[in-house]
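First comes the structure, then the notes that go with it.
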Amino acid sequence: MSLLDEIEPLKQSALAELHASADLAALEAAKGAWVGPHGKFTALMKQLGSLPKEEKPVAGKTINAAKAELESALTTRREQLELQAALPKEPIDWTLPGRRRTLGRPHPLTQVTDDIVRSFRKIGFVVADGPEIEDEYHCFDALNTPADHPARDTQDTFYVRGHRPEAGGPGPSGGGLVLRTHTSSVQIRVMEKQPPPVRIIVPGRVFRRDNADATHNPTFHQVEGLYVDQGVTVGDLKGTVEFVFRELMGPDTLIRFRPHYFSYTEPSFEIDFSNALVKKLGKDWLEIAGCGMVNPAVFEAVGYDPEVWTGWAFGFGIERIAMIRYGINDIRLFYENDVRFLRQF
Ligand code: DAH
C-alpha cells in the first residue's frame with residue numbers, strides 16, 4: 001500500500017475517535033494520539049521525505065488537507081464539549097413561567113407635572129427654576145409682602161437655623177433664609193435676570209409649617225406661571241388658564257374667577273373649576289389656583305417699567321390637581337412610596 005492510500009483510512013479513524021471523545025480530557029488524549037508530536041498523522045508526514053520526487057506534491061497536498069480537516073473537527077468537538085460542561089447538571093423544566101421584569105414608571109406627581117409642562121409648552125412657555133432654600137427678599141419682600149403679612153408668620157414658614165431675620169444681613173428683611181413657601185419667588189429670580197417679555201412656568205417643591213393630615217403636608221409641589229409683555233389683559237389670563245385646565249381636567253371643564261387678595265397681584269383672583277369630576281365629589285365648584293395681574297410694585301422691585309410692561313401670574317398645587325384627577329383622598333399617599341399605590345398610575 002502506498003503512502004497516498006494510507007491517508008484516507010487514517011483520517012477516517014482519527015475523525016471517528018475525535019467525535020467519540022466523551023469529555024475534554026478524552027479529546028486531548030485523542031489529539032495527542034493523532035496530531036501531537038508523536039501522533040500517527042505526524043508520523044505519516046515525516047515519511048513524506050522518503051517518497052519518490054514525483055509523488056511528493058500530491059501526497060503533501062492530501063496530507064495537509066486531511067490535517068486541516070482534523071483540526072477543524074477538533075475545534076468543533078471541543079466547543080461542543082465545553083458547552084456541555086457549562087450546562088446545568090439538573091434537567092431544565094421548560095414549562096416553568098419566565099421571571100418577569102417589573103417596569104418602573106414616573107411617580108404620579110411627576111406625571112401630572114409633565115402634563116402641565118407639556119400644555120404650557122404648546123403655547124410658548126418655558127420652564128424656569130430657582131432655589132428651595134430662599135432668602136426672605138425673594139420669597140416675600142420683592143413680592144410686595146410686607147414684614148407683618150400673615151404669610152410671613154413663623155407658623156407658616158420654616159426658617160433656616162442661624163439665618164433668622166435677627167441674625168442681620170442685607171435687604172429689608174435682614175437677610176433671613178427660609179424654605180420657600182411658594183414658587184412665586186422664582187418670578188423675581190427670573191425677572192431680575194432677563195428683560196421682558198417673559199413667559200415661564202415653574203414647577204417646584206415648596207415648604208410650610210403645617211402638620212400632616214389628609215390634605216396637608218409640610219412639603220408639597222406647586223406650579224407658578226408668569227407672563228409679562230405689553231398690553232397683557234385679564235382676558236389673556238382667563239383664556240390661558242381655561243386652555244390649560246381643559247387639557248388637564250378634560251374638555252368639559254369650566255373656569256370661574258373670584259376676587260381675592262395676593263400682595264403680588266392686583267387685581268387678584270381665586271380660580272374655581274367645575275366638571276364631571278367635581279360633580280362626582282358632590283360639589284359644583286372646586287377652588288384650584290390663585291392668580292392676578294402683576295402688581296406694579298413687583299415690576300419696580302425687579303427694575304421693569306410698570307408704565308410699559310403688564311403681566312399676569314398664577315400658582316397652584318400639583319398634589320391637589322393629582323388628587324382630584326385620580327380620586328385620591330389622602331395627600332400622604334404621594335410620599336410613602338408604597339408600590340401598591342404607585343403601581344396604579
Ligand atoms: N403663591 C400663591 C400660593 O402659594 C399662589 C399664587 C397666587 C401665585 C397668585 C401667583 C399668583 O403667582 O399670582 O398660594
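In the elastic network of the chain, a GNM with C-alpha springs shorter than 10 Å, the most mobile of Gln80, Gln222, Gln230 is Gln80. For Leu96 and Arg340, the FRET efficiency from 1/(1 + (r/R0)^6), where r spans their Cβ atoms and R0 equals 35 Å, is about 0.85.
Taken about its Cα centre, the chain carries a charge dipole of about 1220 debye when Lys and Arg each add +1 at the Cβ and Asp and Glu each add -1 at the Cβ.
Geometric descriptor of the stretch 292-331, per residue, is 83 Å³ (volume of the convex hull of the Cα atoms).
In this simple spin-label approximation, Asp5 and Asp284 carry label points 7 Å from Cα along the Cα→Cβ vector, and these lie 11.6 nm apart. Counting only GluC sites (Glu not before Pro) that are in a DSSP loop and have at most 16 other C-beta atoms within 10 Å, tell me the longest site-free stretch of the chain. Looking at the chain, 133-306 is the longest stretch - no exposed GluC sites (Glu not before Pro) with at most 16 other Cβ atoms within 10 Å. Looking at this model, which pairs from Lys122/Lys193; Lys31/Lys67; Lys122/Lys280; Lys31/Lys56; Lys46/Lys67; Lys11/Lys67 are more than 18 angstrom apart at the alpha-carbon? Violating the 18 Å Cα-Cα cut-off are Lys122/Lys193; Lys122/Lys280; Lys31/Lys56. Sorted largest first, the spans of the alpha carbon positions of the chain along the three principal axes are 117, 47, 43 Å. Using the rule -39500 (n - 2.57) for each DSSP H run of four or more residues, divided by the residues of the chain, the 222 nm mean residue ellipticity is -12000 deg cm²/dmol. Full extension of the chain segment joining Ala297 with Asp156 gains 48.4 nm, where the gain is 0.36 nm per residue of separation less the Cα-Cα distance. Given their separation in residues at 0.36 nm each and the Cα-Cα distance between them, Glu82 and Tyr261 gain 56.5 nm when the chain is fully extended. To put it simply, the accessible area of the chain at a 1.4 Å probe is 54 percent carbon and sulfur.
Charge dipole (Cα centre; +1 on Lys/Arg Cβ, -1 on Asp/Glu Cβ; no other charges) of the stretch 3-86 amounts to roughly 280 debye. Using the empirical formula 2.2 N^0.38 Å as the baseline, the Cα radius of gyration of the stretch 163-317 reaches a ratio of 1.14. Rolling a 1.4 Å probe over the protein heavy atoms gives the stretch 3-86 an accessible area of 60 Å² per residue.
Shown is the FRET efficiency for Ala65 and Arg105, computed with R0 = 45 Å from the Cβ-Cβ distance and rounded to the nearest 0.05: 0.15. Label sites at Asp252 and Lys193, each approximated as a point 7 angstrom past Cα along Cα to Cβ, lie 4.2 nm apart. A P(r) calculated from all alpha carbon pairs of the stretch 3-86, with 5 Å bins opening at zero, reads 3, 15, 26, 22, 15, 9, 6, 3, 1, 0, 0 percent.
The values are calculated or read from the model by the stated rules, or taken from the named source; none is laboratory data. The model shown is predicted, which means the values in this text are computed figures rather than measured ones. Every residue, glycine among them, receives a Cβ derived from its backbone with ideal geometry; neighbour counts consider all protein chains shown. Surface areas here come from the heavy atoms of the whole protein model, side chains and all, with no ligands, DNA or RNA. Shrake-Rupley method; radii C 1.70, N 1.55, O 1.52, S 1.80 Å.
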